[in-house]
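Remarks on the structure that follows.
The values are calculated or read from the model by the stated rules, or taken from the named source; none is laboratory data. A quick note: this is a predicted structure, and the numbers were derived from the prediction, not measured. When we count neighbours, we look across all protein chains shown, and the Cβ atoms used for this are built from the backbone with ideal geometry, even at glycine.
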Amino acid sequence: MRDNELQYFEEILLTRKIQIQKNILGVESEINQLRTLELNDEGDYASVSNEQMVDNAIGSQQGLELMEIETALAKIKNGQYSICEMCEEDIGFQRLKVKPHAKYCIDCREIAEKNNA
């Protein structure tokens with residue numbers, strides 16, 4: 001991969017990293033606010049509990065994406081970016097445009113998904 005392409009993806013990854021960090025802080029703030037609410041009945045409790053579960057799920061998913069982004073940024077630095085972790089072939093440019101922190105090429109992603117299902 002050319003240097004200008006690596007720089008392009010590094011900028012995308014860094015921008016997404018900052019956004020996720022802001023999102024995670026926002027979710028943590030919302031959860032803390034929910035904890036301070038006075039709950040008057042079971043309906044209030046159920047509503048707050050549901051919101052907290054959704055916020056936790058979002059935070060968890062974003063935490064995973066953040067780790068994948070950190071890994072991709074490290075790969076850019078060590079020259080391993082855009083190489084499939086399974087077959088060691090290049091991950092296509094178009095695939096990386098859709099998911100810049102992709103670990104697998106399209107074929108290997110399908111295999112990995114079938115194995116996890």
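Observations
Rundown of residues vs (1) at pLDDT 75 or above; (2) β-branched (Val, Ile, Thr); (3) within 24 Å of the chain's Cα centre (by Cα); (4) exposed (fewer than 13 other Cβ atoms within 10 Å of the Cβ), yes/no style:
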position: LEU6; (1), (2), (3), (4): yes, no, yes, no
position: PHE9; (1), (2), (3), (4): yes, no, yes, no
position: LEU13; (1), (2), (3), (4): yes, no, yes, no
position: ILE20; (1), (2), (3), (4): yes, yes, yes, no
position: LEU37; (1), (2), (3), (4): no, no, no, yes
position: TYR45; (1), (2), (3), (4): no, no, no, yes
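- Exactly one residue out of ILE69, ILE24, ILE76 is surrounded by 13 or more Cβ atoms within 10 Å (Cβ to Cβ), at pLDDT 95 or above, part of a helix (DSSP H, G or I) and under 15 Å from the mean Cα position of the chain (by Cα), and it is ILE69.
- Number of residues in region 72-117 that are hydroxyl-bearing (Ser, Thr, Tyr) and under 13 Å from GLU5 (Cβ atoms) equals 2.
- Qualifying positions in region 62-101 - under 25 Å from ILE24 (Cβ atoms), touching a residue at least 24 places away in the same chain (Cβ under 8 Å) and of a type outside the set (Val, Ile, Thr): GLN62, GLY63, GLU65, LEU66, GLU68, GLU70, ALA72, LEU73, TYR81, LEU96, PRO100, HIS101
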